[in-house]
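Peer 1: Starting off with a structure, shown below.
The values are calculated or read from the model by the stated rules, or taken from the named source; none is laboratory data. Model, not experiment: these values are computed from the prediction. Cβ placement follows ideal geometry from the backbone for every residue including glycine, while neighbour counts extend to all protein chains displayed. Surface areas here come from the heavy atoms of the whole protein model, side chains and all, with no ligands, DNA or RNA. Shrake-Rupley method; radii C 1.70, N 1.55, O 1.52, S 1.80 Å.
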Amino acid sequence: TYGFMMPRPELLTIWPMVINDTNNKAINTPPPTTLNLWNNNYQSSLANASSGQSISLTPNGIDSNASACWESTTSGLASGRCPNYLPTRDIDPLRTTSMGDNNNGGPNLRLAKRITAISGASLVKYIDVNVVPVPANASDDNAPYWTKTGAGVTAIQYPTAGTTTGFSDYLKGIVDSANLLSSDPPRPKPNQEVEYTIYFLSDGLSSAKNVSICDYIPENTTFVPGSLQLSIGSAAPTLKTDTIGDTDGAGYYASGFPSSCQSSAGHSKGAVVVNINQVDYATGPGNPLSSYGFIRFRTRID
């Protein structure tokens with residue numbers, strides 16, 4: 001659902017944790033077996049963590065005190081022995097020496113909407129939405145797991161003045177006609193088309209399932225039939241039909257909006273809806289490819 005977000009739970013610190021265990025000496029001494037406090041059947045597998053690597057608990061903080069649900073962080077060793085296994089994660093995916101990240105939580109979907117073309121002319125510009133006071137989703141375009149090339153690009157902050165370095169070059173487009181310069185295409189006129197792109201990123205603690213993204217057609221414009229597209233990862237966008245209820249999970253609603261289209265009052269020009277079965281959660285910038293994408297459509301100025 002458009003705007004779907006869930007809070008990130010607090011990081012859990014749970015005994016035991018292993019760091020610098022290349023000599024198999026860092027495992028905490030388990031309590032006596034007579035106390036029945038710890039099932040050590042798989043403890044030997046925890047003694048092989050790389051230097052600086054932590055061990056993590058999956059899938060939750062209540063595992064009946066069994067070693068079966070612990071593993072060297074990101075190793076996947078517990079996947080075949082732990083019920084309801086969830087992959088363990090590093091706080092910093094680029095460093096093997098970072099602490100384990102809590103995976104006992106829900107999905108989080110970030111959205112960033114841009115105008116990406118006017119009358120067929122692409123707008124290769126980068127805008128960092130940065131307003132005061134900051135709305136709940138203003139920082140979505142600064143999330144660290146957006147895919148980018150190298151160190152990213154420098155974006156113009158809007159509406160406040162300033163620049164942002166390291167911005168994702170995936171998030172092309174403008175957010176307002178005020179972002180247009182004299183070298184850009186002029187502001188659209190009646191009968192000209194405007195292309196909108198809604199970028200999405202799944203960066204929660206689990207994959208986002210049964211995702212439904214809805215966007216209303218702006219007033220004083222008309223949806224261009226046959227313009228709705230979906231792209232996952234680096235794949236080229238594919239056309240979606242405008243027909244509601246067919247097998248491609250997308251469509252244009254003139255009225256009778258689904259529940260994913262919130263606050264429909266005042267929207268008289270219809271809405272586009274794209275349904276996605278699952279968007280996998282990101283473990284790093286652009287990784288996996290199934291963790292991000294965009295939907296795109298065009299409108300014509302009335």
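Peer 1: Using packing as a proxy for protection, rank 185-193, 208-216 so that the peptide with the highest average count of other Cβ atoms within 10 Å comes first.
Peer 2: My ranking of the peptides, most packed first, is 208-216, 185-193.
Peer 1: Solvent-accessible area per residue for the stretch 183-302 at a 1.4 Å probe radius, Å²?
Peer 2: Per residue, the stretch 183-302 has an accessible area of 45 Å².
Peer 1: Could I ask something else about it? Within the stretch 175-205, list the residues whose amide N lies under 17 Å from a label point set 7 Å along Cα→Cβ of Ala121.
Peer 2: 175-196
Peer 1: So how strong a dipole does the stretch 203-302 carry about its Cα centre when Lys and Arg Cβ are +1 and Asp and Glu Cβ are -1, to the nearest 20 debye? Don't skip to the end; give the middle numbers.
Peer 2: On the way: 6 positive and 8 negative charges, 21 e Å.
In total the dipole reaches around 100 debye.
Peer 1: Could you quote the convex hull projected area for the stretch 258-302, Cα atoms only and averaged over all directions, in nm²?
Peer 2: Details: hull surface 19.9 nm².
Its average projected convex-hull area is 5.0 nm².
Peer 1: For the pair Thr34 and Asp248, what calculated FRET efficiency results from E = 1/(1 + (r/R0)^6), where r is the Cβ-Cβ distance and R0 = 51 Å, to the nearest 0.05?
Peer 2: Efficiency, rounded to the nearest 0.05: 0.25.
Peer 1: Right, something else. Long-range amide H contacts for Ala117: which residues qualify at under 5 Å (H placed 1.01 Å from N, peptide plane, sequence gap of 5 or more or a different chain)?
Peer 2: HN-HN under 5 Å from Ala117: Leu123, Glu195.
Peer 1: On full extension of the chain, what length is gained from Gln43 through Ser79, given 0.36 nm per residue of separation minus the C-alpha to C-alpha distance?
Peer 2: 11.5 nm
Peer 1: What residues qualify as long-range amide H neighbours of Ala66, i.e. H under 5 Å apart, gap of 5 or more or another chain, H built at 1.01 Å from N?
Peer 2: So Ala66 has HN proximity to Asn39.
Peer 1: Stretched out fully, how many nm does the piece from Thr163 to Thr283 gain, at 0.36 nm a residue minus the Cα gap?
Peer 2: Result for the pair: 40.5 nm of gain on full extension.
Peer 1: Report the gain in length on full extension from Ser182 to Asn65: 0.36 nm times residue separation, minus Cα-Cα distance, nm rounded to one decimal.
Peer 2: Additional length available on full extension: 35.6 nm.
Peer 1: Could I get the Rg over Rh figure for the stretch 210-275? Both from C-alpha atoms, Rh via Kirkwood, rounded to two places.
Peer 2: For the stretch 210-275, the value is 0.96.
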